[in-house]
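Here's the structure, in structure tokens; my notes come after.
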């Protein structure tokens, strides 16, 4: 289950009580010809995050490096011309071992295309964003949020495409 709403990053916040119940994925990647390289950051939140989406529900963070190569398009994103098969390598985490579940850490593909209707026109750079999609099973893409070139935040053109900031539109429930 996804929870829609504005997401605020909170690296270094004090953990709340209880275990992680929600995960939010942020990423920054560089697209160069046939390659993708960058980082993805999973933020984990306690069960109370569903009600308030407050930084006080923050539990911990998992940081992974990403390397990827162009792969055949997957189902789930009609406007995505290609996807990138990615490998995420753990870099660091402040999470207890039991909260680093392989099921939500196992992103296999990234893709970019038109945002789905439920998030179209939103995001931090609505006029300069595209949709960001991920696959956890290597078969089907799921919309995750927005991709936008960091240069547009400074008023510069995003041509050619540069370092992409990937912002989530929702979090993933870890309890269902």
Any hit, region 82-89, residues being surrounded by fewer than 20 Cβ atoms within 10 Å (Cβ to Cβ) and either over 18 Å from the mean Cα position of the chain (by Cα) or more than 15 Å from residue 36 (Cβ to Cβ) (or both): no
Number of the exception - residue 20 against (1) in contact with a helix residue (DSSP H, G or I) (Cβ under 7 Å, 6 or more places away or on another chain); (2) at pLDDT 90 or above; (3) buried (at least 20 other Cβ atoms within 10 Å of the Cβ): (2)
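Matching residues to (1) at pLDDT below 90; (2) within 25 Å of residue 108 (Cβ to Cβ); (3) surrounded by 21 or more Cβ atoms within 10 Å (Cβ to Cβ):
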residue	(1), (2), (3)
9	yes, yes, no
24	no, yes, yes
28	no, yes, no
38	no, yes, no
41	no, yes, no
44	no, yes, yes
68	no, yes, yes
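The values are calculated or read from the model by the stated rules, or taken from the named source; none is laboratory data. It should be emphasised that the depicted structure is a prediction, and the values quoted were computed from it without experimental measurement. Quick reminder, even Gly has a Cβ in these numbers, built from the backbone with ideal geometry, and neighbours come from all protein chains shown.
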